1. Taking the Cβ-Cβ separation of His120 and Phe150 as r and a Förster radius of 51 Å, what is the calculated FRET efficiency to the nearest 0.05?
2. Largest first, what is the accessible-area ranking of Ser156, Ser122 with a 1.4 Å probe?
3. Mind grabbing the accessible area of Tyr198 for me, 1.4 Å probe, Å², rounded to tens?
4. Taking springs between alpha-carbon atoms closer than 10 angstrom, which of Leu211, Leu258, Leu52 fluctuates most in the Gaussian network model of the chain?
5. Using 0.36 nm per residue, how much length does the chain from Tyr198 to Ile169 gain when fully extended, once their Cα-Cα distance is taken away?
6. So what does the Cα-only Debye profile of the chain read at q = 0.09 Å⁻¹, as log10 I(q)/I(0), no solvent term?
7. Determine, for the chain, the count of lysine pairs separated by eight or more sequence positions (or lying on different chains) whose alpha-carbon distance falls under 23 Å.
8. Rounded to the nearest 500, what is the chain's calculated 222 nm mean residue ellipticity when only DSSP H runs of at least 4 contribute -39500 (n - 2.57) each, over all residues?
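The values are calculated or read from the model by the stated rules, or taken from the named source; none is laboratory data. Note that the structure is predicted; figures quoted are calculated from it, not measured. Don't worry about glycine lacking a Cβ; one is built from the backbone with ideal geometry, like all the others, and counts go over all protein chains shown. Ligands, DNA and RNA are stripped out before the accessible areas are found, and what is left, the full protein with its side chains, is counted by its heavy atoms. Shrake-Rupley method; radii C 1.70, N 1.55, O 1.52, S 1.80 Å.
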Amino acid sequence: MTFLIQQTLIYSIPLLIVALAGVFAERSGIINIALDGMMIIGAFIGSLTTYLFVTANALMGAKQLIFIIAMLCSAFAGALFSLLLSFSSIKMKADQTIGGTAINLLAPPLVLFFIAMFFHQSVLNIPKGASGLFILFSPESLGVIGNAFFDKVYISTYIVIALFVLLSILLYKTKFGLRMRACGEHPQAADSLGVNVYKMRYAGVTISGALAGLGGFIYVVTTADGSVTGSVQGFGFLALAIMIFGNWKPGGIALGALLFGVLKCISASYDTLDIFNNGVYIFRELGISPYIYNMIPYITTLLVLALTSKRSRAPKAEGVPYNKGMR
């Protein structure tokens, strides 16, 4: 059971923060389907930062500090990369869906180009075992729940949960959040009250890019064994599905992230998953093809979106370029 909870958290945490990234952009009125591309850029820059620190043997006495610095760098890279979407959507008033698609197509070859140019290989690997340096261990047994949350846990888990709570409060309980949400619902009304719609939308997309970049690096460290391959296995699109499932609200997003985290855990570890620690591998005993397990999270995505689409309500002005002269 401890293993199941820990693995669920490992898969849920990147989805949680990237789904929230989508909320910030779309609540401000910008469709952000470029989360996958932003994750890839964040994954590369965060991993590159870690690689440089580890190979230079710098700060090795403060390994968690390296992890935090790399997370900050990945967030900055994601925010910077998101300016492509901001500029095309807000300044140039280009189609936001096409712009996001272009960014998703741009990110993988861009990352692979830099890896090939600087490392003369097709994959950037954080030095072997480096990702394990970022795990927090408990000196004693704390029981099933205690071990799940405090033994062999990445510090990123606590950071993301804290960020999720703080940013949810920022978006729904502050003037800044109210103004941002107003820009996604009725930008003309917000403008008439003195809100700078352009600035709020830039802020929404920039925060979205930073969170997506952070989620990409956390994904690489915790689930991809420290390997940057120019792909995040569609986690950006899964995060979009979770955002829609959660109706653009933090509570629903948290529930969706946990649900998909469980399904991803089962699909990745079905043959070694001993839920009750009794030596019985339930999912292996079912005799189901491993390909079916791999498809389960994505099939579930389609079913969930089909069943929840009627009650989902996107921001009214989402995807509509703002024209100050329109009323």
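1. On the way: r = 41 Å, r/R0 = 0.81.
Efficiency, rounded to the nearest 0.05: 0.80.
2. Values: Ser156 0, Ser122 80 Å².
My answer, sorted largest first, is Ser122, Ser156.
3. Probe radius 1.4 Å; accessible area of Tyr198 about 70 Å².
4. Judging by the Gaussian network model, the answer is Leu52.
5. Details: separation 29, 0.36 × 29 = 10.44 nm, distance 2.23 nm.
That pair, Tyr198 and Ile169, stretches by 8.2 nm at full extension.
6. Listed by q, the Debye log ratios stand at -0.48.
7. The result is 24.
8. Values: 13 runs with 220 residues, N = 327.
It comes out at -22500 deg cm²/dmol, rounded to the nearest 500.
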